[in-house]
1. Could you calculate the FRET efficiency of D50 with R180 from 1/(1 + (r/R0)^6), where r is the beta carbon distance between them and R0 is 25 Å, rounded to 0.05?
2. Going by C-beta contacts inside 10 Å, put T53, T124 in order with the fewest on the left.
3. Given H placed 1.01 Å from N in the peptide plane, which residues other than close sequence neighbours of Q70 have an amide H under 5 Å from its amide H?
4. State to the nearest 20 debye the size of the charge dipole of segment 37-188 about its Cα centre, where the only charges are +1 on K and R beta carbons and -1 on D and E beta carbons.
5. Taking the simple approach of a point 7 Å from Cα along Cα-to-Cβ for both E137 and V90, what is their distance in nm?
6. Quick check: net charge around I126, other residues with Cβ under 12 Å of its Cβ, Lys/Arg +1 and Asp/Glu -1?
7. Provide L142, L154, L57 in ascending order of the number of other Cβ atoms located within 10 Å of each residue's Cβ, fewest first.
8. What residues of segment 111-143 lie in the reach of a label at T58, counting those whose backbone N is under 19 Å from a point 7 Å from the Cα along Cα→Cβ?
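Any read-out appearing in this document is the output of simple, stated calculations on the displayed coordinates, not a laboratory observation. Remember, predicted model here, so these are calculated numbers, not experimental data. For neighbour counting, all protein chains shown are included, and Cβ atoms are generated from backbone atoms with ideal geometry for every residue, glycine included.
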Amino acid sequence: MSMRDTPMRSGPLAGLALAVFATSLSAAEPLPGIQPGSQAPTLGTPMSADDITSWNLTIFPDGRGLPPGQGTPEQGRSLFVTYCERCHGVDGRGATADELVGPPTPPTDADPNKSIGSYWPYATTIFDFIRRNKPPENSGSLSNDEIYSLTAYLLVANQIIGEQDVMNAKTLAQVKMPNRDGFIRIDAP
């Protein structure tokens, strides 16, 4: 007779084992990170006001949230070669990553160009995106001046600002992108 064919028998030893198991569960130490009586784990400590300030990187279309600093297209050109060209191609014309530079005309069905000059509605978004994501192997490592410089270079490459224009919190917020009005605004309730 195999074990599968053997009927299960309950007896004093089975009852004792079940009682010991149930007692050990009720007397067990709470799991790490869970306070007795709580239904959710405690995951660290609440953030301080200083922590929140350092993590709050929100930049609004009107420029609120832009940090101090400045940069020129000329400074940005060398930074682009160093940090961006290997993925975005020579002069931002595309390589393994998206094309960043194109004609400053809104996209159409025939030409769905989503380069910065044709698609992005606010110049402040360029700064925000670079600060949060670039370079991909070390995002957040560029200084504010470097980010302003890269943003200025991309705006010049897309024929939106002049070669001599300096970008900072004030001037960047004043840049009117070619397709700013090409979006339908949806206000959340």
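1. So, using R0 = 25 Å, E works out to roughly 0.10.
2. So the ranking, lowest neighbour count to highest, is T53, T124.
3. Under 5 Å from the amide H of Q70 lie the amide H atoms of D145, each far enough along the sequence or on another chain.
4. Charge dipole, segment 37-188, about its Cα centre: 140 debye, nearest 20.
5. 2.2 nm
6. +2
7. Sorted ascending by nearby Cβ count, the order is L57, L142, L154.
8. Once the point is set 7 Å along Cα→Cβ of T58, 122-133 turn out to lie under 19 Å by backbone N, inside segment 111-143.
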